[in-house]
Amino acid sequence: MLVTIGVGRTVEQAIYASIKMNNPNFAAFIVSPASKVTLDRTIDGIPLRKMCKHKDFLVNNPEDIDDVFVCAEKALLYLLNEGFDASDIVADITSGTKVMSAALASLAILYRLYSISYVGGTSRGQDGIVIKGAEEPRELKPRRILYKNELATIKKFFSRYQFHACIELLEELTSANTFSVLDKNERDSLQDMQKIIMAFINWERFEHKESLKLFKNVNSYDTTIQQQFLDNLLEDKSIVARKFSSLQGKIPHKYLLIDIFQNAKRRASEGNFDDAVARLYRCLEMIGQYELLLRYGLVSSNVNLESLRGRINEKLFDKLSSKKMNHEIGKLEIGLRENFELISQLNSNDEVAAEYSKHREDFLKYITSRNESILAHGIRPVAEQDYNKMEALTKSFLVALFSKDADQKLNEIERCFKQDSILNF
């Protein structure tokens, strides 16, 4: 227990009441040169300093808040070094100067002590002093004060997509020390908030089923738009999977392409441009795979070369023939550029082919930028301007593939990750 000691008449009664209420194992008395003698005052013949084990900590100037704070912190650190936990320490501000009380209360909040204790009362004599025996102990929980502040911090981290930082703060708030001072609605809200953040963490990992499951278990917040988008994503995946059942679900689909693109944008907003470009590259790769599969029935990882004879020019056919093939079945796997070259050969009027033709030089340049990055085959970090160019390029292919539907879906998923769409506390 930390206790400020003042010099006022009858303050010993309030200090006595506080010690009796809190029953401390040890007390650190914060005294001034003038208030040391207060501890020698008696209640029922017992000096205050005899009520419990204690140690005095002297403040030279009780009107200097810096001096008082340093002294109070020294007393607190002494208790912590003695093995007492911050969550078990009470800071009593009943006595002492206003400066002493303010400094100790600030310290209690900073270190998240168990409570700030104060002994007052409404029954007072003509001199304004609480009548002996009418003292009323009161307390305030510093963790209760910090609760709203930490919620604001969670919202700030959420707006920056720092979901793991949000989880760390929520784990602190739902620890026994903090959880116990909150009411039921607040506790329920925090537990639902944890589900929401974990849902977004799973979403960032493309674990869509688990993400949807968590959102559906939330009661305190409205997760309708998140559930709708994930429901549509999983349904879209299911439709394509049923259409191409032999591929066992290992295929791209519209909502997944949109999801990867927005995932890349979030990484870029954090300044992780290498990571973001790697995702854009994968998005472009899957756009080519999606178009080949849905429009031409070709699987880029398992192309029957002979089926293309006469449908593409000899130059591209010979290029593909030179790739390492599985001679037993006569099929081969083609990469990103070859996907788009093949689409262009199969149908020059294809919207994706037209986009590729329009941006062919930029396409090769930006792909080279990715290939030279640390997360690919090189050692050159990706610059922000290179990311921005590749983002614009990738979006143009999404629009070519899905027409106006692309912008609608991009806006939908972006809305899902906006803090004000869900954390409305």
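The values are calculated or read from the model by the stated rules, or taken from the named source; none is laboratory data. Owing to the predicted nature of the structure, the values given are computational and were not obtained by experimental measurement. Here the Cβ is made from the backbone with ideal geometry for all residues, glycine too, and neighbour counts use every protein chain on show. Accessible surface is based on the protein model in full, side chains and every heavy atom, while ligands, DNA and RNA are left aside. Shrake-Rupley method; radii C 1.70, N 1.55, O 1.52, S 1.80 Å.
Using only the heavy atoms of the protein chains and a 1.4 Å probe, how would S159, S421 rank by accessible area, largest first? Show your work: numbers first, answer last.
Working: S159 60, S421 20 Å².
Largest accessible area first, the residues go S159, S421.
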Label-point separation, A383 to N232 (7 Å along Cα→Cβ), nm:
3.7
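Based on the Cα gyration tensor of the range 278-413, what are the three equivalent ellipsoid semi-axes, each the root of five times an eigenvalue, rounded to whole Å and given largest first?
Numbers: eigenvalues 139, 75, 34 Å².
Equivalent ellipsoid of the range 278-413: 26, 19, 13 Å, largest first.
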Here, trypsin sites (Lys or Arg not before Pro) of the range 373-417 satisfying both criteria (DSSP loop; at most 12 other Cβ within 10 Å) are K404
Hull-based mean projected area of the range 168-225, where the convex hull spans the alpha carbons, in square nanometres
4.1
Among I225, I258, what's the order by accessible area (1.4 angstrom probe), most exposed first?
I225, I258
Roughly speaking, what is the stretch gain from E314 to K53, that is 0.36 nm per residue apart minus the C-alpha to C-alpha distance, in nm to one decimal?
84.5 nm
To the nearest 10 square angstrom, how much accessible area does R370 have with a 1.4 angstrom probe?
40
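Counting Lys and Arg as +1 and Asp and Glu as -1, what is the net charge of the other residues whose Cβ lies under 13 Å from the Cβ of K358?
-4
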Average Cα contact separation per residue, the range 175-273, under 8 Å, 6 or more apart, as relative contact order %
17
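At a 10 angstrom cut-off on C-beta neighbours, averaged per residue, how do the peptides 190-203, 262-275 rank from highest to lowest?
Top of the packing list down: 190-203, 262-275.
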Taking the Cα atoms of the chain, what is the range of coordinates along each of the three principal axes, in descending order and whole Å?
111, 42, 38
Mean separation of Cα pairs under 8 Å and 6+ residues apart, divided by the residue count of the chain: what relative contact order is that in percent?
10
Compare the peptides 374-386, 69-81 by average per-residue count of other Cβ atoms within 10 angstrom and give them in order, highest first.
69-81, 374-386
Highest mean first, what order results for 16-29, 230-243 on Cβ atoms within 10 Å?
16-29, 230-243
